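Report on the structure given below.
The values are calculated or read from the model by the stated rules, or taken from the named source; none is laboratory data. Nothing here was measured: the structure is a model prediction, and the numbers come from that model. Note that each Cβ is placed from the backbone with ideal geometry, even for glycine, and that neighbours are counted across all protein chains shown.
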Amino acid sequence: MRSASPRWVRVPVLVALTAFTIVFTYPLVWLVSASFKPRSEVFDNRLWPKSPTVENYLTVWETAPLALWLVNTLVVTALAATAVTLSSALVAWGFAHFRFRGRGPLFGVVLATMMLPGAVTLVPTFLIWNSLGLVGTSIPLWAGNLFASAFYVFLLRQFFRTLPREPFEAARMDGANQWSVFWRIALPLCRPALVITFLFEAQAAWTDLLRPLVYLQDSSTFTIPRGLKAIVDQFGTGGESQWEVVVTASVITTVPMVLLFFAGQRYFVQGIATTGSTR
Amino acid sequence: MARETDPVTRAPAAADRRLPSAADARRRGEGRRRTQGSVSDRRERRTALAFISPWLVGFSVFTAWPILYSAYLSLTDYDVINDPRFVGLENYQRMAEDPQVRLALWNTLQYTLVQVPLYVVVALALALLLNAAATAGAGRWFGIFRTAFFIPKMTPPVAVGVLLLLLFNGSYGLVNQVLATVGIDGPSWTTDPSWIKPGLALVSLWGVGSAVVILLAALQEVPAELYDAAKVDGAGWWRRTRTVTLPMISGGIFFVTVINTIAAFQLFDEAYSAFFGAGTSAYANDDALFYVIYLFREGFGELHMGYAAALAWLLFVVIMIVTAVQLAVSRRLVYYEGEQR
């Protein structure tokens with residue numbers, strides 16, 4: 001640790017951090033609590049429901065095809081995260097391991113595309129998928145990930161560069177080809193970085209709203225955030241003010257992400273720290 | 001087009017160049033040692049290109065082509081059903097006169113100006129607090145705090161929009177109830193035109209976790225000797241923070257600022273979920289009409305693809321100018337380790 005601050009600093013720092021912790025976690029606690037309240041009590045802001053009920057969960061389950069939406073989202077998320085992890089690892093290895101003329105400028109282009117605002121390519125990308133007749137399916141939500149993503153290429157390259165070269169050169173001497181050097185040696189050594197990439201993209205794919213809004217039309221194809229938006233429109237802002245239904249659907253949309261975080265907490269933190277400090 | 005992307009291209013490359021790490025030096029040395037005949041060079045190049053081919057294809061199809069194509073589209077009238085009709089600069093002329101464009105730009109600018117400084121300052125404060133907790137030997141609690149700050153980041157933006165509508169509700173929301181206990185009469189966050197943007201900015205703070213983690217990582221890399229030296233010189237906490245900590249982590253602060261500015265200009269999910277859709281009031285709509293929401297509605301609601309492409313180009317140029325200005329300012333303010341000054 002750094003040079004220690006005096007002990008008396010501890011109390012005010014801990015008090016402040018505890019206060020922030022409450023502020024940051026309370027909305028989620030509120031949301032979960034509200035999902036167990038009858039309609040008349042949703043806004044009573046009690047921590048513990050006065051008359052707890054699972055009625056809302058039954059209502060949501062009956063009124064919206066939540067199971068279908070969850071399955072849709074799971075499929076899109078798994079495909080998107082797997083595709084981007086493998087393709088980005090390939091590309092990152094190409095940039096990290098080999099030396100070739102034009103590598104610097106080419107990698108500069110990779111970095112530049114990282115800064116490209118996504119909104120800029122929204123319309124033409126839609127037209128590409130439209131001309132392939134794939135608008136209305138969930139393919140546009142993940143298939144682009146087969147072609148690597150600049151951010152993850154950057155992230156994975158940082159990890160690949162920390163590996164010593166010797167094992168790879170030894171494997172080459174023993175007659176291994178470039179593919180098996182990558183697949184059998186480099187990838188296993190970079191497992192944490194691959195997990196980070198997978199988790200980041202899983203979170204991005206699961207929570208995305210804009211692209212499902214653009215590409216999905218039929219409610220049977222919806223991902224869960226798109227479905228939640230439909231529920232907000234129908235039950236919340238749409239005039240009926242059945243916010244208990246909206247709140248419950250929000251909980252169902254959010255819980256898988258919280259679980260994902262706890263499953264991979266260490267990787268999330270390590271991955272984010274890496275993106276910031278290596279720039 | 002090449003000229004427009006240029007400042008962006010140069011930006012990260014330059015940032016990269018300023019940070020020659022030990023790994024870099026090692027690899028350069030090895031590169032020289034490994035210089036061999038041109039045949040194996042060519043073979044290595046071919047193998048490397050095979051590895052990066054997914055990106056080469058992806059870049060051509062999903063980045064370069066869309067940019068060029070949208071430049072063309074912006075000069076056309078196109079509704080997806082009929083063929084694009086070339087109209088010259090008509091879309092840009094219309095944009096210049098469109099009051100909605102001005103409104104959307106102004107709303108977005110206001111939001112960005114409120115959100116970015118707020119976000120960076122809060123992220124910095126939390127990172128400093130966490131770092132202080134770690135150095136004061138409160139390591140046991142450290143993980144709990146970090147988890148608490150990070151977890152909201154996992155919440156899907158639609159759910160964040162729902163929380164904005166409910167917790168910040170003017171009459172019975174929790175936020176105003178808490179404010180009332182300290183005697184403050186909270187505003188109507190979700191309906192009062194002048195409070196919609198601050199409300200959205202406050203809600204965005206909930207996702208500050210990743211910035212905190214980035215800044216914390218930077219803080220933990222500051223050499224302890226610098227603090228010890230400053231202490232020997234009699235510098236107090238504030239002076240040490242101002243003259244040692246902040247300059248040493250200025251690279252991290254800059255990174256967080258740039259990334260977050262670009263994101264703020266593209267605000268969509270939370271605002272769209274909360275303020276657009278069935279039953280949302282018209283006046284709230286106007287004050288939550290952010291640029292990408294307008295672009296989305298023109299493109300995919302009205303099917304004005306040509307106009308939406310022109311709108312996207314304006315956003316591109318605005319974001320690039322802002323990023324370039326931030327970079328220019330950073331050259332004077334940001335300290336990178338290993339750099340000769």
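Looking only at segment A:160-176, decide whether some residue is under 29 Å from A:Gly118 (Cβ atoms) and either in the same structural domain as A:Phe268 (by TED's automatic domain parsing) or surrounded by 19 or more Cβ atoms within 10 Å (Cβ to Cβ) (or both).
Within segment A:160-176, one or more residues are under 29 Å from A:Gly118 (Cβ atoms) and either in the same structural domain as A:Phe268 (by TED's automatic domain parsing) or surrounded by 19 or more Cβ atoms within 10 Å (Cβ to Cβ) (or both).
Please count how many residues of segment A:81-133 are more than 8 Å from chain B (Cβ to nearest Cβ) and in a loop (DSSP other than H, G, I, E, B).
The number of residues fulfilling the criteria is 3.
What's the total number of residues in segment B:221-236 that are at the interface with chain A (Cβ under 8 Å from one of its Cβ atoms) and either in contact (Cβ under 8 Å) with a residue 12 or more places away in the chain or within 34 Å of the chain's Cα centre (by Cα) (or both)?
Total satisfying the criteria: 4.
Identify the residue in segment B:237-253 that is free of Cβ contacts under 8 Å to residues at least 24 places away in the same chain and touching a Phe, Trp or Tyr at 6+ places or on another chain (Cβ under 9 Å) and, among all such residues, is farthest from B:Pro223 (Cα to Cα).
B:Arg240
Consider only pairs whose beta carbons are under 7 Å apart and that are at least six residues apart or on different chains; among these, list those whose first residue lies in segment B:257-278 and is at the interface with chain A (Cβ under 9 Å from one of its Cβ atoms) and at positive phi and whose second residue is in a helix (DSSP H, G or I) and surrounded by fewer than 22 Cβ atoms within 10 Å (Cβ to Cβ).
B:Gly277/A:Asp233
Any residue at all in segment A:262-273 that is modelled with pLDDT of 90 or more and within 8 Å of chain B (Cβ to nearest Cβ)?
no
Mind checking which residues of segment A:163-194 are of a type in the set (D, E, K, R) and more than 35 Å from the chain's Cα centre (by Cα)?
A:Glu169, A:Arg172, A:Asp174 - these are the residues of segment A:163-194 that are of a type in the set (D, E, K, R) and more than 35 Å from the chain's Cα centre (by Cα).
Could you identify the single residue in A:Thr125, A:Thr137 that is within 22 Å of the chain's Cα centre (by Cα) and within 25 Å of B:Leu314 (Cα to Cα)?
After applying the criteria, what remains is A:Thr125.
Just one of (1) free of Cβ contacts under 8 Å to residues at least 60 places away in the same chain; (2) over 18 Å from the mean Cα position of the chain (by Cα) trips up B:Asn91, so point out which.
For B:Asn91, the failing item is (1).
Pick from A:Val54, A:Val76: which is surrounded by fewer than 16 Cβ atoms within 10 Å (Cβ to Cβ) and either away from every other protein chain (no Cβ under 14 Å) or touching a residue at least 40 places away in the same chain (Cβ under 8 Å) (or both)?
A:Val54
Among the residues of segment B:228-240, which ones are within 21 Å of B:Leu126 (Cβ to Cβ) and at pLDDT 85 or above?
B:Arg240
Do we have A:Ala19 as hydrophobic (A, V, I, L, M, F, W, C), in contact (Cβ under 8 Å) with a residue 12 or more places away in the chain and within 13 Å of chain B (Cβ to nearest Cβ) here?
no
Test A:Leu146 against the criterion of being assigned to a helix (DSSP H, G or I), in contact with a Lys or Arg (Cβ under 9 Å, 6 or more places away or on another chain), in contact (Cβ under 8 Å) with a residue 40 or more places away in the chain and closer than 30 Å to A:Ser219 by Cα, and give yes or no.
No: the conditions fail for A:Leu146.
Could you check A:Ser88 against (1) at pLDDT below 95; (2) surrounded by 21 or more Cβ atoms within 10 Å (Cβ to Cβ) and say which number it fails?
It is condition (1) that A:Ser88 fails.
Do any residues in segment A:233-261 that are not assigned by TED's automatic domain parsing to the domain that holds A:Leu31 have Cβ atoms under 9 Å from those of residues that are outside any helix (DSSP H, G or I) and among the acidic types (Asp, Glu), where the two are at least six apart or on different chains, and which pairs are they?
Every condition considered, the pairs that remain are A:Gln234/A:Glu240.
I'd like the full set of residues that are under 19 Å from B:Lys153 (Cβ atoms), surrounded by fewer than 23 Cβ atoms within 10 Å (Cβ to Cβ), at the interface with another protein chain (Cβ under 10 Å from one of its Cβ atoms) and in contact with a Leu (Cβ under 7 Å, 6 or more places away or on another chain), limited to segment B:168-214.
Within segment B:168-214, just B:Leu205 meets the criteria.
Within the set of pairs 6+ apart or on separate chains, which have a first residue in segment A:95-123 that is of a type outside the set (S, T, N, Q), a second that is modelled with pLDDT under 90 and outside any helix (DSSP H, G or I), and C-beta atoms under 8 Å apart?
Within 8 Å, the pairs are A:Arg99/B:Arg34.
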